[in-house]
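Working notes for the structure below.
The values are calculated or read from the model by the stated rules, or taken from the named source; none is laboratory data. All values reported here derive from a predicted model rather than from experimental measurement. Cβ placement follows ideal geometry from the backbone for every residue including glycine, while neighbour counts extend to all protein chains displayed.
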Amino acid sequence: MWLNRPVMQDVLQRRRLLLLVGLLVFGPLRAFAAATAAESDSFDSDEALDWIGLCLRSPGTVAVAKTLELSLKPGTLEAADASAAVAAAEVVAAALGHPNAKMPQELGTWLAAQKQGDVVKLKPVAARAVERILNGKGSELQAQWKESKDFEAWQAHMRDLQERLR
């Protein structure tokens, strides 16, 4: 399987390096942008969009399953991993017949080509991941949204996702 731990660690390390450079260069602007243009939808973050690219290149539902499992590991759940897990949970919700209206078309096309049973069986993992992101200790994404004026909108969006996963 090409999506092994060393490959994922390399991708995450590169992303963290880019994030660090971006924070050093654009830190003050990023804080302003986050405060003024925060979006609460599952597909509005760069991390979610990056994950979609990874998902489209992965065999079967490997990326969806691995991303959701990663979000349930003990310890701090980094915001980037949580954003990816939210996008993965959206794929599961769509397979259950409850898609997000903002799901990118290419992801919907990818999902249609998958064995729906393979995606649907990830429902319990997706539900636990969303619960952890929304209410769990160590969720950096939740902590970031708490600092935003749009926290309530994000919470409402996450609760909607929880409902669509039921």
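Please name all residue pairs, on different chains or six or more residues apart, with Cβ atoms under 8 Å, provided the first residue is in the range 124-148 and is under 21 Å from VAL92 (Cβ atoms) and the second residue is basic (Lys, Arg) and surrounded by 14 or more Cβ atoms within 10 Å (Cβ to Cβ).
Between residues of the range 124-148 that are under 21 Å from VAL92 (Cβ atoms) and residues that are basic (Lys, Arg) and surrounded by 14 or more Cβ atoms within 10 Å (Cβ to Cβ), the close pairs are SER139/ARG132.
Return the residues of the range 139-156 that are under 24 Å from GLY75 (Cα atoms), in a helix (DSSP H, G or I) and of a type outside the set (Gly, Ala, Ser); say none if nothing qualifies.
Of everything in the range 139-156, those that are under 24 Å from GLY75 (Cα atoms), in a helix (DSSP H, G or I) and of a type outside the set (Gly, Ala, Ser) turn out to be GLU140, LEU141, GLN142, GLN144, TRP145, LYS146, PHE151, TRP154, GLN155.
Can you tell me which residue among SER40, SER83 is modelled with pLDDT under 95, under 20 Å from MET158 (Cβ atoms) and either surrounded by 20 or more Cβ atoms within 10 Å (Cβ to Cβ) or in contact with a His (Cβ under 8 Å, 6 or more places away or on another chain) (or both)?
SER40
What is the residue count in the range 93-124 for residues that are crowded, with 20+ Cβ neighbours inside 10 Å and over 18 Å from SER45 (Cβ atoms)?
The qualifying residues number 4.
Considering the range 48-58 alone, what residues qualify as being farther than 14 Å from LEU111 by Cβ and out of contact with any helix residue (DSSP H, G or I) (no Cβ under 6 Å at 6 or more places or on another chain)?
Of everything in the range 48-58, those that are farther than 14 Å from LEU111 by Cβ and out of contact with any helix residue (DSSP H, G or I) (no Cβ under 6 Å at 6 or more places or on another chain) turn out to be LEU49, ASP50, GLY53, ARG57.
Would you say THR67 is exposed (fewer than 14 other Cβ atoms within 10 Å of the Cβ), among the hydroxyl-bearing types (Ser, Thr, Tyr) and either at pLDDT 95 or above or under 27 Å from ASP150 (Cα atoms) (or both)?
Numbers: exposed (fewer than 14 other Cβ atoms within 10 Å of the Cβ): no; among the hydroxyl-bearing types (Ser, Thr, Tyr): yes; either at pLDDT 95 or above or under 27 Å from ASP150 (Cα atoms) (or both): yes.
No.
How do the helices (runs of 4 or more DSSP H) wholly within the range 65-138 filter down when requiring 1 or more residues that are under 11 Å from the mean Cα position of the chain (by Cα) and within 22 Å of ASP50 (Cβ to Cβ): which remain?
Here the list reads 79-95, 123-135.
For residues that are in contact with a helix residue (DSSP H, G or I) (Cβ under 8 Å, 6 or more places away or on another chain) and of a type in the set (D, E, K, R), tally how many sit in the range 89-127.
Number of matching residues: 3.
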